[in-house]
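**Student:** What follows is a structure written as structure tokens; I'll ask about it next.
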Amino acid sequence: MTSPCADSGPLHASCHCGAIGFSVPSAPTKLTECNCSICGRLGVLWAYYEVKDIVWERGEGTTVPYVWGDRCIEFHHCPICGVTTHYGGVLAEGAPSDPTSRFAVNARNLPLTAPVTVRRFDGRSSWTTLAHDRQWPWPDQPDVLDGP
């Protein structure tokens, strides 16, 4: 079940130092947590948009891409603070870009205020969605370390 999100209108994503910034048209209705070899290490939650819907504010073209394996996805991070900002498909040399192609945003860089369902994807072995979802950001809970 997807939770309603109070965040409406454009949201501004930013890395930790602020050198990279862009807007997405709205809050995501669902996030994806993947356990593949790279996503599991990065600790990211992905929100998906189309390339044409991203509005760059700072640092377009300055992120550092990381590509490996079959070379079909580029993971990008800030060259200053190192925060992963997004990933996108790799284009063949000379191929025109597709404005409807997927632009995956690291949702941990978005100022989300309402819980969003997190789809858990097994990118490590089965390439299937796992049976249970959770929400992020997590609702306020009493600190269990405080005691009575």
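**Student:** I'd like the residue in the range 59-83 that is modelled with pLDDT of 95 or more and of a type in the set (A, V, I, L, M) and, out of all such residues, is surrounded by the most Cβ atoms within 10 Å (Cβ to Cβ).
**Tutor:** Restricting to residues being modelled with pLDDT of 95 or more and of a type in the set (A, V, I, L, M), the top hit is VAL83.
**Student:** Looking at (1) modelled with pLDDT of 95 or more; (2) over 26 Å from THR129 (Cα atoms), which is the only condition ALA104 fails?
**Tutor:** Exception for ALA104: condition (2).
**Student:** Looking at (1) under 16 Å from CYS39 (Cβ atoms); (2) modelled with pLDDT of 95 or more, find the lone condition where GLY88 falls short.
**Tutor:** (2)
**Student:** All but one of (1) surrounded by 13 or more Cβ atoms within 10 Å (Cβ to Cβ); (2) in a loop (DSSP other than H, G, I, E, B); (3) within 17 Å of the chain's Cα centre (by Cα) hold for HIS86; which doesn't?
**Tutor:** Only one criterion is unmet by HIS86, namely (2).
**Student:** What are the pairs with Cβ atoms under 6 angstrom where one residue, in the range 119-138, is farther than 18 Å from GLY43 by Cβ and the other, located anywhere, is assigned to a strand (DSSP E or B) and at pLDDT 85 or above? Sequence gap at least six, or different chains.
**Tutor:** From the range 119-138, the pairs are THR128/ASP122; THR129/ARG119; THR129/PHE121.
**Student:** So how many residues does the range 14-24 have that are touching an Asp or Glu at 6+ places or on another chain (Cβ under 9 Å) and either aliphatic (A, V, I, L, M) or modelled with pLDDT under 95 (or both)?
**Tutor:** So the answer is 2.
**Student:** Could you list, in sequence order, all residues of the range 112-148 that are modelled with pLDDT of 85 or more, in contact with a strand residue (DSSP E or B) (Cβ under 6 Å, 6 or more places away or on another chain) and not in a strand (DSSP E or B)?
**Tutor:** PRO115, GLY123
The values are calculated or read from the model by the stated rules, or taken from the named source; none is laboratory data. Model, not experiment: these values are computed from the prediction. A quick note on method: Cβ atoms are made from the backbone with ideal geometry, for glycine too, and the neighbour counts reach across all protein chains shown.
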